Amino acid sequence: MKNDKYIKYFCENIKALRKSNKLSKGKMAKMLGISRKCLSSLEKGKISSDLTVEILSNIANSFGIKPSQMFSSNYIQLD
């Protein structure tokens, strides 16, 4: 599927953001307003119907990035 690579990038970038900010899954999930289970699933590449534009916006706003950056193959690196 053509969009599979973007989903892969999205999931990898979520994990990279969490790790680069030294956040536990629990802390990041709370920060984003989602369950730890949902975050864990996202990091594993399992996109569910729970993922909304609001959650994507929360992720971007929480880390000061554009939502489109989440779908980039250039892994997000924050200073």
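The values are calculated or read from the model by the stated rules, or taken from the named source; none is laboratory data. Since the model is a prediction, treat every value here as computed from it, not as a measurement. Cβ coordinates were reconstructed from backbone atoms using ideal geometry, including for glycine residues, and neighbour counts include every protein chain displayed.
Candidates Lys8, Lys30: the one that is within 16 Å of Phe71 (Cα to Cα), over 10 Å from the mean Cα position of the chain (by Cα) and either part of a helix (DSSP H, G or I) or free of Cβ contacts under 8 Å to residues at least 60 places away in the same chain (or both) is Lys8.
Taking the stretch 1-54, which residues are of a type outside the set (A, V, I, L, M, F, W, C), out of contact with any helix residue (DSSP H, G or I) (no Cβ under 7 Å at 6 or more places or on another chain) and under 15 Å from Ser72 (Cα atoms)? Within the stretch 1-54, Lys2, Asn3, Asp4, Lys5, Lys8, Glu12 qualify. Only residues that are loosely packed, with under 14 Cβ neighbours inside 10 Å, part of a helix (DSSP H, G or I) and either of a type in the set (Phe, Trp, Tyr) or modelled with pLDDT under 95 (or both) were counted in the stretch 11-27, giving 1. Candidates are the residues of the stretch 33-49 that are among the charged types (D, E, K, R) and more than 19 Å from Gln69 (Cβ to Cβ); the one that is surrounded by the fewest Cβ atoms within 10 Å (Cβ to Cβ) is Lys44. For the structure I just gave you, tell me whether Leu56 is surrounded by 14 or more Cβ atoms within 10 Å (Cβ to Cβ), in a helix (DSSP H, G or I), modelled with pLDDT under 90 and not β-branched (Val, Ile, Thr). Answer is yes for this residue.
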